[in-house]
1. Residue by residue through segment 36-45, which ³J(HN,Hα) values in whole Hz follow from phi under the Karplus form 6.51 cos²θ - 1.76 cosθ + 1.60 (θ = phi - 60°), with glycine and proline marked x?
2. Could you check how much of the accessible area of segment 57-132 is carbon and sulfur, as a whole percent, using a 1.4 Å probe?
3. Relative contact order, percent, of segment 22-88 when contacts are C-alpha pairs under 8 Å separated by at least 6 residues?
4. Determine ³J(HN,Hα), in whole Hz, for all residues of segment 93-108 in sequence, where each value follows from phi through the Karplus function 6.51 cos²θ - 1.76 cosθ + 1.60 and θ = phi - 60°; x replaces Gly and Pro.
5. Short version: ³J(HN,Hα) in whole Hz for each residue of segment 110-118, in order, from phi by Karplus 6.51 cos²θ - 1.76 cosθ + 1.60 (θ = phi - 60°), x for Gly and Pro, what are they?
6. With a 1.4 Å probe and all protein chains left in place, how much accessible area per residue does segment 33-132 have, in Å²?
7. Under a point-charge model restricted to the Cβ atoms of Lys and Arg (+1) and Asp and Glu (-1), what is the dipole moment magnitude of segment 23-113 relative to its Cα centre, in debye to the nearest 20?
Amino acid sequence: MSAATRHEKPASRFRRLLDRLSSSQEELHSAELQEDAQAAGCTRIAECDDRQIVKVTGTLRTVTLRPRAGVPALEAELFDGSGALDVVWLGRRSIAGIEPGRRLIASGRISMSRGRRVLFNPKYELRPLGQE
């Protein structure tokens, strides 16, 4: 390790500490979610394009029952710190474990609806409660 590298590390640690102390709770939560997405090997929601097959992870912000064309649909907003997308299960009124604040991994094909990213009927995996 060179002398220059040794001097850069403490400065970057100090800089990170100052950044954490001056950041809001929401910014810290967003950074934590983005690190979690990267560690899980998932695509950041902000980088998802229309018609792309993706695997994303994040926290469910809201869960609502909203009929689409007369068919029940369970909708949830998934947030990963970089952006949000709507996850929609058509024909479902409820799903055990799908509730606000729950973390999950979802995969499927992104589509755009009214300018928002949407995953219809994704494969999903609920994250263990101990990790929240």
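The values are calculated or read from the model by the stated rules, or taken from the named source; none is laboratory data. In this text, all values refer to a predicted model and were calculated from it rather than measured experimentally. Glycine gets a Cβ as well: all are built from the backbone with ideal geometry, and neighbour counts include every protein chain shown. Side chains included, ligands, DNA and RNA excluded: accessible areas come from the protein's heavy atoms. Shrake-Rupley method; radii C 1.70, N 1.55, O 1.52, S 1.80 Å.
1. 5, 5, 5, 5, 7, x, 9, 7, 5, 4
2. Values: 1910 of 3910 Å².
The computed percentage sits at 49.
3. Numbers: 102 pairs, mean separation 20.5, N = 67.
Here the relative contact order equals 31 percent.
4. 9, 7, 9, 4, x, 8, 8, x, x, 7, 8, 8, 10, 10, 9, x
5. Computed from phi, the couplings for segment 110-118 are 6, 10, 10, 9, 6, x, 10, 6, 9 Hz.
6. Details: 5360 Å² over 100 residues.
Averaged over the residues of segment 33-132, the accessible area is 54 Å².
7. Computed about the Cα centre, the dipole is about 600 debye.
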